[in-house]
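The values are calculated or read from the model by the stated rules, or taken from the named source; none is laboratory data. Quick caveat: nothing in here was measured; it's all calculated off a predicted structure. Please note: Cβ atoms are built from the backbone with ideal geometry, for glycine as well, and neighbour counts cover all protein chains shown. Heavy atoms of the whole protein, side chains included, go into the accessibility calculation; ligands, DNA and RNA do not. Shrake-Rupley method; radii C 1.70, N 1.55, O 1.52, S 1.80 Å.
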Amino acid sequence: DEEFDELCFEFGLELDEITSEKDIISKEKGEEKAKGASETILYKIDVPANRYDLLCLEGLVRGLQVFKERINLPRYEKIIPPEGEGQRLIITGETVHVRPHAVAAVLRNITFTKERYDSFIDLQEKLHQNICRRRALVAIGTHDLDTISGPFTFTAKPPSEIKFKPLNQSQEYTASQIMDLYRTDSHLRHYLHLIENKPLYPVIYDSNGVVLSMPPIINGDHTKISVKTRNVFIECTGTDITKAKIVLDIIVTMFSEYCEKPFSVEAAEVVYPNGKTHIYPELAYRKEKVKPELINKKIGISETPSSLAKLLTRMCLKSHVIGNGNNIEIEIPPTRADIIHACDIVEDAAIAYGYNNIQMTIPKTYTIANQLPLNKLTELLRLDLAAAGFTEALTFALCSQEDIADKLGMDISATKAVRIANPKTAEFQVARTTLLPGLLKTIAANRKMPLPLKLFEISDIVVKDPNTDVGARNYRHFCAVYYNKTPGFEIIHGLLDRIMQLLEVPPSEENGYTIKATEGSAFFPGRCAEIFAKGQSIGKLGVLHPDVITKFELTMPCSALEINIEPFV
């Protein structure tokens with residue numbers, strides 16, 4: 001297991017976990033449900049989303065074998081049948097508004113076993129979820145060629161005119177009935193929306209009028225493949241021709257190794273509505289040239305051109321040095337649709353070299369990181385507030401509308417609060433506009449603690465601001481509360497003086513700080529003061545109103561202080 005984990009890491013994959021069906025079910029649904037489940041060991045491997053060629057065991061094993069240099073990369077071959085003997089897929093003009101593109105191919109004389117067959121079906125499902133975007137861009141159909149006779153027709157008809165027996169069903173249904181049938185199917189209902197509102201549904205017939213499939217929903221039962229199937233007709237229909245070609249290439253390259261002539265695929269001819277024809281699968285090999293210096297420079301290594309070519313060959317990119325060693329010619333196989341740019345080739349060279357083998361170097365340009373001034377001030381204040389005997393609390397940045405409005409005796413419209421569009425719980429409806437409710441809720445949760453409770457928090461609050469690009473702005477606030485049998489206004493006032501002393505702001509009107517009597521909806525009348533500093537109002541302090549205290553389920557008097565610390569940065 002450890003060796004395999006190491007190999008996956010070297011190859012740029014991650015062995016997620018080693019588990020079994022029984023383990024998975026018992027984790028999700030409990031021991032009882034897991035009884036009788038398979039205990040076969042399963043490897044869960046995380047494959048990068050761009051590597052479609054590693055989504056099945058065949059491709060993964062082939063890739064790892066080439067990487068370990070145990071086999072050479074196979075050469076995929078397209079066999080074009082003699083004139084008039086090959087399979088044809090004719091696309092009619094009606095498809096243009098539903099699913100205009102189709103590609104096809106044949107796997108001849110293939111030998112399935114139970115494992116190979118399961119892997120074949122599984123690969124289609126993985127491709128459907130991944131590159132096919134849940135069948136929206138491409139839908140794959142695989143059929144037993146011996147049960148049907150070409151040429152095949154890909155057309156679109158009104159749902160009432162399409163009638164066939166869907167896969168694993170016992171009777172025939174019209175397309176409209178099929179839609180109703182699968183509306184409750186946990187797997188297929190997710191795809192119905194792709195065509196259900198279209199006037200015509202796409203459908204593929206053979207020359208005798210047998211329905212092969214109604215993409216992207218379901219195949220016909222008549223053509224279903226089994227372990228005994230010898231010849232497989234593969235069609236991919238879709239709205240994106242490039243993706244359809246890639247999907248077809250991946251399926252045929254992965255499973256052609258089980259054909260009588262390994263790695264060979266029989267081509268099929270697709271006839272377009274305008275009469276043009278095209279042979280699929282394309283199985284296109286292409287050549288790219290990359291300079292060795294570029295690879296070395298981008299990765300930060302110094303390998304010879306021949307060893308770089310060897311590294312790339314191990315990653316299924318057959319390479320050799322040309323022109324006195326100043327260029328590497330790389331052949332991109334049809335399985336590697338993810339190689340779009342030279343960067344992708346460089347990345348593969350880096351994976352083969354081994355990320356852990358790249359020497360760490362100090363960058364040529366020095367930059368010294370610095371703490372954000374606002375965060376530096378916050379950190380310094382936190383230490384001194386703790387030294388003053390107050391305990392720090394960290395509360396949620398989201399709260400309910402009542403917390404910041406009703407409970408503090410304000411109207412929600414006056415708070416300029418930012419709302420959450422679809423809150424999951426009533427506790428998280430808006431972003432907080434003041435830190436006070438969070439601290440009062442903390443006290444309510446800790447009423448069993450010995451008095452007095454002295455808490456503080458320095459965090460961001462959020463208010464709407466039409467002048468910013470995002471329509472809201474954060475302010476760093478400091479809030480402290482004192483909760484005891486007596487209000488303790490003098491303790492909170494003393495804390496304000498201590499903070500100003502630390503900030504070196506003297507108590508004076510001109511260039512210091514002052515407090516002036518005011519009224520606040522959350523404060524006791526006559527026991528509230530506004531704090532002015534740097535020529536602006538920075539916050540309030542005072543004794544909380546009894547209504548506020550009871551609304552937060554508290555029973556003792558409480559005094560509070562809240563200021564904006566940003567002017568002092």
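Ranked by the mean number of other Cβ atoms within 10 Å of their residues, highest first, the peptides 351-362, 46-57 come out as 46-57, 351-362.
Accessible surface of the chain, 1.4 Å probe: 52 percent of it comes from carbon and sulfur atoms. Sorting 126-135, 261-270 by average packing, meaning the other beta carbons within 10 Å per residue, from highest down gives 261-270, 126-135.
In the chain, if the dipole is taken from +1 on Lys/Arg beta carbons and -1 on Asp/Glu beta carbons about the Cα centre, which of Tyr513, Ala349, Ala49 is farthest to the positive end? The one lying farthest along the dipole's positive direction is Tyr513.
In percent, how large is the relative contact order of the chain, given Cα pairs closer than 8 Å and 6 or more residues apart?
Numbers: 1030 pairs, mean separation 64.8, N = 569.
This gives 11 percent for the chain.
Would you mind working out the accessible area per residue for the chain, using a 1.4 Å probe, and quoting it in Å²? Write out the running numbers ahead of the final one.
On the way: 29670 Å² over 569 residues.
Heavy-atom accessible area per residue stands at 52 Å².
With point charges of +1 on the Cβ of Lys and Arg and -1 on the Cβ of Asp and Glu, referenced to the Cα centre of the range 200-336, which listed residue (Val265, His278, Leu308) lies farthest in the positive direction of the dipole? The listed residue farthest towards the positive side: Leu308. For the set Lys126/Lys245; Lys78/Lys228; Lys454/Lys551; Lys289/Lys310; Lys441/Lys464, the pairs lying more than 18 angstrom apart at their alpha carbons are Lys78/Lys228; Lys454/Lys551; Lys441/Lys464. Expressed as an acute angle from 0 to 90° and rounded to the nearest 10, what is the orientation of the C-alpha long axis of helix 305-314 relative to the principal long axis of the chain? With rounding to tens, the tilt is 80 degrees. Taken about its Cα centre, the range 1-46 carries a charge dipole of roughly 520 debye when the Cβ of each Lys and Arg holds +1 and the Cβ of each Asp and Glu holds -1.
Can you list the equivalent-ellipsoid semi-axes of the range 286-357, largest first and in whole Å, using the square root of 5 times each Cα gyration tensor eigenvalue? Present the calculation step by step, with values, prior to reporting the outcome.
Values: eigenvalues 55, 43, 21 Å².
After scaling each eigenvalue by five and taking roots: 17, 15, 10 Å.
Looking at the square roots a ≥ b ≥ c of the eigenvalues of the Cα gyration tensor of the range 338-431, which shape do they give, rounded for a/c under 1.5, prolate if a/b is larger than b/c, or oblate? Don't skip to the end; give the middle numbers.
On the way: a/c = 3.66, a/b = 1.77, b/c = 2.07.
Oblate, since a/c reaches 1.5 and b/c is not below a/b.
Considering only Ala244, Ile234, Ser20, the residue lying farthest towards the positive end of the dipole of the chain is Ala244, judged by Cα position with unit charges set on Cβ.
Evaluate the charge dipole of the chain about its Cα centre and quote only its size in Debye, nearest 20, assuming +1 on the Cβ of each Lys and Arg and -1 on the Cβ of each Asp and Glu. If you can, show how the numbers build up before the last one.
Working: 66 positive and 76 negative charges, 132 e Å.
About 640 debye.
Quick one: check the C-alpha center-to-center distance for the range 509-564 versus the range 368-402, whole angstrom. After rounding, the separation between the Cα centres reads 20 Å. Sorted largest first by accessible area at a 1.4 angstrom probe radius, with every protein chain in place, the residues Ser226, Ser400 fall in the order Ser226, Ser400. Accessible surface for Thr313 stands near 50 Å², nearest 10, in the context of the full protein assembly shown (1.4 Å probe). If you take the Cα centroid of the range 235-309 and the Cα centroid of the range 434-452, the two points sit 64 Å apart. DSSP bridge analysis restricted to the chain gives an antiparallel fraction near 90%, rounded to the nearest 5. Surface calculation, 1.4 Å probe, protein heavy atoms: Ser160 sits at approximately 90 Å² accessible. Here the range 373-568 is assigned +1 on the Cβ of each Lys and Arg and -1 on the Cβ of each Asp and Glu. Its dipole about the Cα centre then comes out at about 460 debye. Of the options (i) 24.2, 79; (ii) 34.7, 100; (iii) 22.6, 72, only one is Rg and Dmax of the Cα atoms in Å as computed from these coordinates, and that is (ii). To the nearest ten degrees, helix 342-353 and the longest principal axis of the Cα atoms of the chain are 90 degrees apart. Computed with a 1.4 Å probe on the full set of protein chains, the accessible area for His97 sits at about 150 Å².
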